[in-house]
Amino acid sequence: MLVIKFGGTSLKNLLRFNTALTKIKTLKKKYKTLIIVVSAPSGFTDLFLNFFKKRDKNVDSILTLGENFSSSFLCFILNKNKIKALALQAWQIPIISKGKSNYKIDYLNKKIFKKKYSVFIVSGFQSLNKRNFLNTLQRGGSDTTAIFISKFFKKKLCFIYTDVKGVYQIDPRIFKSKLIKKINPIIILEISSLGAKVLSLESLRYSIKNKICIRVLSSFKKNKLEKEIKSGTLINMKNFKTNCFFVKQDELLIKVKKRELYIIVKKFCKIGKNIDMLSLNKNNYYLSIKKEDLIFLSLNLKIKKVIKISFVGLKIKERYNFYKILKFIDKFSYKKIFHFTEIKLSFLIKKDNFNKCLDFFNKKIRRCGRED
């Protein structure tokens with residue numbers, strides 16, 4: 001048995017559904033049973049979210065329509081191609097979750113997967129609460145569903161199909177970068193928290209806790225079975241030596257007084273939002289937030305658009321020339337605001353300095369990294 005997940009971009013249109021069919025046929029040569037978790041076609045959930053400001057049980061039923069369409073339509077295609085498949089929604093299994101607002105999967109009924117089908121297609125992103133009402137998981141909940149099912153069936157490997165070949169040192173849209181073959185999940189967790197859309201944070205935490213390996217691979221590239229099961233990036237706790245990663249994130253820098261700072265911090269803690277960087281300069285406080293979080297602030301504030309750059313890697317201070325990094329930050333960082341831990345070093349720059357920063361990463365840091 002193998003658990004796999006197809007993301008929204010992998011099921012965007014009819015052509016991509018057929019590409020998913022090809023992948024399933026390839027994997028069926030090795031695995032007798034496949035459990036496939038599907039997301040909504042790209043853009044579906046966002047389209048529904050734009051209509052609703054408040055969330056309740058009725059809205060959740062609408063938000064899961066995309067996943068239900070994906071599972072039913074993929075099941076139709078598989079059966080048409082003589083692959084015995086069954087589409088399942090959360091209430092049919094059922095998948096039970098707990099919590100008040102941020103729901104987390106707690107239980108899954110195993111019996112339905114014993115039926116005589118070779119492929120089970122599960123709608124991701126959804127579960128039932130203890131009152132048997134349908135509710136949605138956090139964004140990226142289909143990743144969480146796939147990892148949870150892997151854990152429940154005691155499978156130590158899960159395939160995540162997406163629109164890229166795997167994980168790169170730098171976003172390939174910014175700069176041509178080499179594909180990383182193996183990586184530690186702690187690093188993926190860190191770069192995902194910084195905005196890199198690799199996997200949902202909840203699914204990564206769950207995989208680390210339950211020691212589940214994840215293979216991230218492209219749903220578009222055609223491979224033979226032997227190459228398919230070794231392609232992409234393997235996220236595995238055994239990989240401790242990884243390259244340093246470069247993550248770019250557009251942020252807003254806000255200048256506030258002490259009283260305003262307390263109001264913002266209290267509000268962000270209440271709604272579960274994050275203030276990433278905080279600095280005191282004379283009598284003013286500077287804090288950085290994500291662009292999309294600005295709607296939660298009703299104060300008249302001085303705002304500056306900045307770019308947050310992060311270097312992420314295990315033992316970053318030991319493996320790289322830390323002095324040169326600090327010297328570079330001192331020269332180009334905006335307002336001398338930076339933050340570092342054992343595996344991350346982040347700082348703010350003006351948009352004009354981005355190319356210099358990218359060049360520094362390639363010349364001074366990227367060359368030092370060695371991949372297992």
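Please report, in whole Å³, the volume per residue of the convex hull around the C-alpha atoms of the range 245-368.
Values: hull volume 13.7 nm³, N = 124.
Enclosed volume per residue, from the Cα hull, is 111 Å³.
Could you give me D for the chain, from Stokes-Einstein at 37 °C and 0.692 mPa s, where the hydrodynamic radius is the Kirkwood radius over C-alpha pairs? Units µm² s⁻¹, please. Show your work: numbers first, answer last.
Numbers: Rh = 22.3 Å.
D = 147 µm²/s.
So which lysines can K130 reach, going by Cα to Cα under 16 Å and dropping same-chain residues fewer than 8 places off?
Correct list for K130: K57, K98, K100, K104.
When the scattering of the range 145-242 is computed by the Debye formula from its Cα atoms alone, each counted once and equally, what is log10 I(q)/I(0) at q = 0.14, 0.24 Å⁻¹?
The computed values of log10 I(q)/I(0) come out as -0.50, -1.42.
How much of the DSSP bridge set in the chain is antiparallel, in percent, rounded to the nearest 5?
Numbers: 43 of 70 bridges.
The antiparallel proportion sits near 60 percent.
Using only the Cα atoms of the range 65-147, what are the Rg and Dmax in Å?
Computed over the Cα atoms of the range 65-147, radius of gyration and Dmax are 13.1, 42 Å.
Which angle between 0 and 90 degrees, to the nearest 10, do you get for helix 322-332 versus the longest principal axis of the chain when only C-alpha atoms count?
With both axes taken from Cα atoms, the answer is about 70 degrees.
Per 0.36 nm of contour for each residue apart, how much would the distance between I174 and T22 grow if the chain were fully extended, relative to their Cα-Cα spacing? Display every interim value, and only then the final one.
Working: separation 152, 0.36 × 152 = 54.72 nm, distance 3.04 nm.
Residue separation times 0.36 nm, minus the Cα-Cα distance, leaves 51.7 nm.
Pop the C-beta distance of K82 and F51 into the FRET formula with R0 = 35 Å and round what comes out to the nearest 0.05. Show your work: numbers first, answer last.
On the way: r = 39 Å, r/R0 = 1.13.
About 0.35, to the nearest 0.05.
If one computes P(r) from the Cα atoms of the range 42-190, what percent of pairs lie at distances over 21 Å? Provide the component values of the computation, followed by the final result.
On the way: 5886 of 11026 pairs.
The calculated P(r) of the range 42-190 puts 53 percent of pairs beyond 21 Å.
Projected onto the charge dipole of the range 78-221 (+1 at Lys/Arg Cβ, -1 at Asp/Glu Cβ, origin at the Cα centre), which of A85, I214, Y168 gives the Cα projection farthest towards the positive end?
The one lying farthest along the dipole's positive direction is A85.
How far is helix 14-28 tilted off the main Cα axis of the chain, in degrees rounded to 10, range 0 to 90?
So the inclination is approximately 70 degrees.
Which aspartates and glutamates have a Cα lying under 13 Å from the Cα of K28, excluding residues fewer than 8 positions away in the same chain?
Filter leaves E226, E228.
Coordinate-derived values only; no laboratory data. Worth saying up front: this structure is predicted, and the values here are computed from it rather than measured. Don't worry about glycine lacking a Cβ; one is built from the backbone with ideal geometry, like all the others, and counts go over all protein chains shown.
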